Amino acid sequence: MTGAAFFITSDQFHCGVSLLVGGGPGRHRMLDPAGPQAGNIEWLYWVIFWILLVVFVLTIAGFARAAARTRTSATEMLPIVKDPEGDRRAHWAVGSAVAVTVLTLFAILVMSVITGKKVEGLTSQNPITIQVIGHQWWWEVIYPNAQADQTVTTANEIHVPVGKPIVLLTNSADVIHSFWAPSINGKRDLLPGYSSAFWIQIDQPGVYHGQCAEFCGLQHAHMGFSIVAESASAFAQWQERQLKPAPDPADPEPRRGRQVFLTHACLMCHTIRGTGAGSRFGPDLTHLASRSMIAAETLPNTRGALAGWIVDPQRIKPGNQMTPNPLEPDDLEALVSYLGTLN
Amino acid sequence: MQTDLALWSAVAGMLMLLACSREERQFRPSPPASEVINSVQVSGLNPGANPVGAPAAPEYYQESAYAVSQGKTLFNEYNCSGCHANGGGGIGPPLMDNYWIYGSEPGNIFTTIIQGRPNGMPSFRNRIPEFQAWEIVAYVRSLSGLLPKDVAPSRSDQFYVKPPEQSMPYQVPTGITGKPEPPK
């Protein structure tokens, strides 16, 4: 293994630091909630923060007082003094401190339970259903529909309408992952072989960043996703576009690129609807060009990044399931041109 | 005296740990190995005594537990299981028995995957990169106990009726290996 596994780009570093202060691709801040559930969690955070601040100040004040008291300069052993009055005061002080601690912890417990109930209480008769399946190391996103040809399949970029309850049906294809978008809700573990439902609602339009929050192997740190919250009409438009199969490319170069795609290892793992490629091991590429990032939010979706990723994905994310593809330069150019037409 | 013995055996035990080596995973095969195989070979006939199309297997793939487990993943994802099931066969012949129609050596199986075989086995030339084909070869051999037990996969992620590959007994290959064919 090379040292590349431990290579962290400044972007990711930013992302880690930004949990509280903000930055990185998309909003990724627990203290900047975008929906009712994150709002509840933020409220609980501040309640506990202020309680702990008071406890901290009192503790430090006690230490400071003790430190400030003059020490005795006696060199011989001091006589033992019986002080029943002082003992009683000490008993009272310790007893009431214990009682206050227990009551405070109990109050926090009650507030946690109430917050948990509120967060879980979101429900609707007619929600948008989205299936999220964790893979090593990317997210498969499916918008199921009773009519098979109305099902949208995409990856790593989840589009949702604002202000509408959304139910996420979670599952995992391999190991335990955890779905966490700090601006939207708490974490939810994705367990292999166990489907569970998880509700979210986003009230402010925007792009929100999320991250796998359960260590899932070498590239756990490079397993991000984004949630794009948009108006109902923009969401409907997006969905309609995603439902279309890939168009036949008009220009000769992308046409040749499609030929490269269909005659090399690409089609063993990827789907492009409208062509012969239909494997579901890797992300669906039918509308690859409509996404802003590739490789689970690792690289921007530019021509150069895409070409680099295709040729040597093991340099960028060592251990991932994509095979290196040492294509001829002409073939690679054509292939990237073709992938650029998939929007 | 007794503490001395305990001390020295502890030291010896720790020294023995130094002899352990960790299995290394290869994520970036050399560029030629990740190429898809382009050479076209339409006929099995060729002049001379050289056996056709049985390249020597790189040893790494037969010795690396990681490579074999990758082979197991690919066996399902590339839909080998579509015809061979989980080794029991169906549309294609079973792979967990001792009978090898085209040979049990890694090179034979590699050729079978890359070139295809008559009556159904498709050719995966141009589709499966060379190193992945070798990984699948190693996994296929583990199905009938031809790999060492510390390399063959243990428990599966899904529930299978069959025992894990690690528990498969070694089955003496028959078929074109020169040994008698099993009774039909």
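Between a first residue in the stretch A:235-259 that is of a type in the set (Asp, Glu) and a second residue that is in a loop (DSSP other than H, G, I, E, B), which pairs have beta carbons less than 9 Å apart while being 6 or more apart in sequence or on different chains? The qualifying pairs are A:ASP248/A:GLY274; A:ASP251/A:THR341. B:SER154 satisfies every condition listed in (1) touching a Ser or Thr at 6+ places or on another chain (Cβ under 9 Å); (2) surrounded by 17 or more Cβ atoms within 10 Å (Cβ to Cβ); (3) more than 12 Å from chain A (Cβ to nearest Cβ) except (2). A:CYS216 meets all of the listed conditions (1) touching a strand residue (DSSP E or B) at 6+ places or on another chain (Cβ under 8 Å); (2) touching a residue at least 24 places away in the same chain (Cβ under 8 Å); (3) part of a helix (DSSP H, G or I) but one, namely (3).
Looking at A:ASN343, A:ASN320, A:ASN325, just one residue is more than 30 Å from B:SER69 (Cβ to Cβ) and either assigned to a loop (DSSP other than H, G, I, E, B) or more than 14 Å from chain B (Cβ to nearest Cβ) (or both), and that residue is A:ASN343.
Scanning the stretch A:268-290 for residues that are within 11 Å of chain B (Cβ to nearest Cβ), part of a loop (DSSP other than H, G, I, E, B), surrounded by fewer than 19 Cβ atoms within 10 Å (Cβ to Cβ) and not charged (D, E, K, R) returns A:SER279, A:PHE281. A:THR298 falls short on exactly one of the conditions (1) closer than 18 Å to A:MET322 by Cβ; (2) free of Cβ contacts under 8 Å to residues at least 24 places away in the same chain, and that condition is (2).
Under the condition of being of a type in the set (Val, Ile, Thr) and part of a loop (DSSP other than H, G, I, E, B), which residue from the stretch A:159-186 is surrounded by the fewest Cβ atoms within 10 Å (Cβ to Cβ)? Restricting to residues being of a type in the set (Val, Ile, Thr) and part of a loop (DSSP other than H, G, I, E, B), the top hit is A:ILE176.
So, in the stretch A:291-317, exactly how many residues are among the hydroxyl-bearing types (Ser, Thr, Tyr) and either crowded, with 17+ Cβ neighbours inside 10 Å or outside any loop (DSSP other than H, G, I, E, B) (or both)?
Kept after step one, since they are among the hydroxyl-bearing types (Ser, Thr, Tyr), are these residues of the stretch A:291-317: A:292, A:298, A:302.
Right, trim to either crowded, with 17+ Cβ neighbours inside 10 Å or outside any loop (DSSP other than H, G, I, E, B) (or both) and you get A:298.
Count: 1.
Here is a yes/no grid of residues against (1) of a type in the set (D, E, K, R); (2) surrounded by 11 or more Cβ atoms within 10 Å (Cβ to Cβ); (3) under 19 Å from the mean Cα position of the chain (by Cα):
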| site | (1), (2), (3) |
| --- | --- |
| A:VAL94 | no, no, no |
| A:ALA97 | no, yes, no |
| A:ILE108 | no, yes, no |
| A:ILE114 | no, yes, no |
| A:HIS135 | no, yes, yes |
| A:GLN150 | no, yes, no |
| A:GLU157 | yes, yes, yes |
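Listed conditions (1) surrounded by 10 or more Cβ atoms within 10 Å (Cβ to Cβ); (2) modelled with pLDDT under 80; (3) closer than 28 Å to A:HIS264 by Cβ are all met by B:ASN38, apart from (1).
Can you tell me which residues in the stretch B:74-105 are part of a loop (DSSP other than H, G, I, E, B), among the aliphatic types (A, V, I, L, M) and under 25 Å from B:GLN158 (Cα atoms)? Steps first, please.
To start, the set of residues in the stretch B:74-105 that are part of a loop (DSSP other than H, G, I, E, B) comprises B:78-80, B:85-98, B:101-105.
Filter once more, so that each one left must be among the aliphatic types (A, V, I, L, M): B:85, B:91, B:95-96, B:101.
If the condition is that a residue be part of a loop (DSSP other than H, G, I, E, B), among the aliphatic types (A, V, I, L, M) and under 25 Å from B:GLN158 (Cα atoms), then B:ALA85, B:ILE91, B:LEU95, B:MET96 are the ones that fit.
Considering A:GLN259, A:GLN242, the condition of being buried (at least 18 other Cβ atoms within 10 Å of the Cβ) and in a helix (DSSP H, G or I) is satisfied by A:GLN242 alone.
The residue list A:ALA234, A:ALA265, A:ALA246, A:ALA305 contains one member that is more than 14 Å from chain B (Cβ to nearest Cβ) and in contact with a Lys or Arg (Cβ under 8 Å, 6 or more places away or on another chain), which is A:ALA246.
Taking the stated definitions as given, is A:ASP189 assigned to a loop (DSSP other than H, G, I, E, B) and surrounded by fewer than 20 Cβ atoms within 10 Å (Cβ to Cβ)? Write out each step before concluding.
Numbers: assigned to a loop (DSSP other than H, G, I, E, B): no; surrounded by fewer than 20 Cβ atoms within 10 Å (Cβ to Cβ): yes.
No, not satisfied.
Of everything listed in (1) touching a strand residue (DSSP E or B) at 6+ places or on another chain (Cβ under 9 Å); (2) within 30 Å of A:LEU262 (Cβ to Cβ), the single unmet condition for B:ASN98 is (2).
It is to be established whether one or more residues within the stretch B:83-105 are over 19 Å from B:GLN171 (Cα atoms) and buried (at least 18 other Cβ atoms within 10 Å of the Cβ). The answer is no; no qualifying residue exists.
Of all residues in the stretch B:106-147, those satisfying the criterion of being away from chain A (no Cβ under 13 Å), part of a loop (DSSP other than H, G, I, E, B) and without any contact (Cβ under 8 Å) to a residue 60 or more places away in the chain are B:GLY116, B:ARG117, B:PRO118, B:ASN119, B:GLY120, B:MET121, B:LEU143, B:SER144, B:GLY145, B:LEU146. What do you reckon, is B:PHE159 on the phi < 0 side of the Ramachandran plot and within 14 Å of chain A (Cβ to nearest Cβ)? Considered against the rule, which asks whether it is on the phi < 0 side of the Ramachandran plot and within 14 Å of chain A (Cβ to nearest Cβ), B:PHE159 comes out as yes.
Determine which member of the set B:TYR160, B:TYR102, B:TYR78 is within 25 Å of A:MET322 (Cβ to Cβ) and of a type outside the set (A, V, I, L, M). Spell out how you get there, then give the answer.
Working: B:TYR160 fails: within 25 Å of A:MET322 (Cβ to Cβ); B:TYR102 fails: within 25 Å of A:MET322 (Cβ to Cβ).
Answer to the check: B:TYR78.
Annotation: of all residues in the stretch A:120-133 being assigned to a loop (DSSP other than H, G, I, E, B) and in contact (Cβ under 8 Å) with a residue 40 or more places away in the chain, the one that is surrounded by the most Cβ atoms within 10 Å (Cβ to Cβ) is A:LEU122.
The values are calculated or read from the model by the stated rules, or taken from the named source; none is laboratory data. Just so you know, these numbers come straight off a predicted model, no measurement behind them. With ideal geometry, Cβ positions are generated from the backbone for all residues, glycine too; neighbour counts draw on all protein chains shown.
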